[in-house]
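Below is one structure, written out as structure tokens; comments come after it.
Coordinate-derived values only; no laboratory data. Quick caveat: nothing in here was measured; it's all calculated off a predicted structure. Note that each Cβ is placed from the backbone with ideal geometry, even for glycine, and that neighbours are counted across all protein chains shown.
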């Protein structure tokens, strides 16, 4: 069986599975939209439950169309000769191989971003607006897009240039050197993000609520977490959704609260949510995830190192490598276009691992704070963020990084019902 036939089979399977799961989710949420689950009936009104159902259905329907367009782009690029045309076009424009290959990579990235733009605009200014979440203005959207593009060029061009240079000059060892550069680059960006990148998009101010600050510092000390600051981010200028997160590595670690979260939860609930996040730190979930992602990156680069030397890798995916000129950029594009198609089945495995980590973090939060406070916080967040309480079990098992609302609340209740 040729690579092309395998690719077509996996592409069809990927498309069919994603659409089957989306239709299951829509049907299941719609069937349960007129009755609030008993566990939540005292906290969430029928009106809020129906709003969450409509929001979930609208988001899932949009993802269906988005999946169709993504698949169509792959067909055009790989099966209908689009990538071959782009490669030949840039070969005519540039005699410099570095510029030719970067232009090929950039044009494919641009096409993908261009096709995503209508979905992003619709999601932000229609869907989120309809349900009362959007606070983004067109001006802010344009500024964010320009800043994102500039960051991509500043950080991405040197990285791709280094990889292309290694592929051309480091022989069979280039995947190892490229992996080392990728790991260093990732850690550098993580270190840079809190103090340089994030402030380009949002304003960060030190938390000025002294009582809450003291509680958080005491909680962090109990958990062995060394803080470099507690900050509030003006997330409300883009969305009414609330959140909190850890960011940075080494001495740059900090805790960031969305201002919307601080307005929705009381201090007990904020402490419980933070205890959950500290549970991820305590069990080294973030570190383990990084190690796993770096290990997978090495496997992918080693695979690419072998495939890029095989003529059939190009020809069976619809392109002819150029004779007498490097084809490393073409190999990169081909590989990273096709990898998601062949690995879509791994999604449920990573979702399962993520849900296991969430349960561990919840258990840790129940030890470090009152578990009922975390339940109360979750109920408020489910309600305010219009998160469905009745997802389809199979859809949730495939995609969800967090346990379903009912499962999570049942799990937490066991900790205070014992007492």
Original post:
Among 403, 199, 391, which one shows the biggest mean-square fluctuation in a GNM of the chain, springs joining Cα atoms closer than 10 Å?
Top reply: 199
Original post:
From largest to smallest, what semi-axes in whole angstrom does segment 215-306 give when each is the square root of 5 times an eigenvalue of its alpha carbon gyration tensor?
Top reply: 31, 18, 11
Original post:
Expressed as a fraction of 2.2 N^0.38 Å, the rule-of-thumb size for a compact globular protein of N residues, what is the C-alpha radius of gyration of segment 16-87?
Top reply: 1.66
Original post:
Using Cα-only point scatterers and the Debye equation, what is log10 of I(q)/I(0) for segment 374-419 at each q in 0.22 Å⁻¹, rounded to two decimals?
Top reply: -0.80
**OP:** Show that you can apply the helix-only estimate: for the chain, add -39,500 (n - 2.57) for every DSSP H stretch of four or more residues, divide by all residues, and state [θ] at 222 nm to the nearest 500.
**Re:** -22500 deg cm²/dmol
Original post:
Expressed as cubic angstrom per residue, what is the convex hull volume of the alpha carbon set of segment 99-146?
Top reply: 66
**OP:** Stick to Cα atoms and the Kirkwood definition of Rh, then tell me Rg/Rh for the chain.
**Re:** 0.98
Subject >> Gained length - residue 352 relative to residue 302, 0.36 nm times residue gap less alpha-carbon distance >> reply: 15.4 nm
Subject >> Highest-MSF residue in the chain out of 267, 277, 210 [GNM, Cα springs under 10 Å] >> reply: 210
**OP:** Enter the mean projected area of the convex hull around the alpha-carbon atoms of segment 257-306, in nm², rounded to one decimal.
**Re:** 4.8
Original post:
Once all Cα-Cα distances of segment 326-419 are split into 10 Å bins that start at 0, what whole-number percent is in each one?
Top reply: 14, 34, 25, 13, 10, 4, 0
**OP:** Return, ordered by residue number, the residues of segment 194-227 whose backbone nitrogen is under 16 Å from a label point located 7 Å along Cα→Cβ of residue 150.
**Re:** 196-203
Original post:
Taking the Cα atoms only, what angle lies between the long axis of helix 328-342 and the longest principal axis of the chain, rounded to 10 degrees?
Top reply: 50
Original post:
Evaluated at 10 °C with a viscosity of 1.306 mPa s, what Stokes-Einstein diffusion coefficient in µm²/s does segment 306-376 have when Rh comes from the Kirkwood expression over alpha-carbon pairs?
Top reply: 99
Original post:
Cα centroid distance between segment 15-56 and segment 387-419, in Å?
Top reply: 14
**OP:** Return an integer: the convex hull volume of the alpha-carbon atoms of segment 123-279, in Å³ per residue.
**Re:** 145
Subject >> Between helix 267-282 and the chain: long-axis angle, C-alpha atoms, 0 to 90°, nearest 10 >> reply: 40
**OP:** Two decimals is fine: what's Rg over Rh for segment 1-140, C-alpha atoms, Kirkwood radius as Rh?
**Re:** 1.14
Subject >> Helix 3-31 axis, angle to the chain major axis (alpha carbon atoms, nearest 10°) >> reply: 20
**OP:** Compute the FRET efficiency between residue 397 and residue 322 as 1/(1 + (r/R0)^6), taking r as their Cβ-Cβ distance and R0 = 41 Å, and round to the nearest 0.05.
**Re:** 0.35
**OP:** Let me know the whole percent of all Cα-Cα pairs from segment 242-359 that are separated by more than 22 Å.
**Re:** 57
**OP:** Specify the inter-centroid distance of segment 279-347 and segment 133-147, based on alpha-carbon positions, in whole Å.
**Re:** 32
Original post:
Under a GNM of the chain (C-alpha, springs under 10 Å), which listed residue has the highest mean-square fluctuation: 102, 207, 323?
Top reply: 323
Original post:
If you stretched the chain out fully between residue 165 and residue 76, how much longer would it get, using 0.36 nm times the residue separation minus the C-alpha to C-alpha distance?
Top reply: 29.2 nm
Subject >> √(5λ) per eigenvalue of the Cα gyration tensor, segment 49-203, largest first, Å >> reply: 34, 23, 15
Original post:
Under 18 Å from the 7 Å Cα→Cβ point of residue 367, by amide nitrogen: which residues of segment 377-419?
Top reply: 411-419
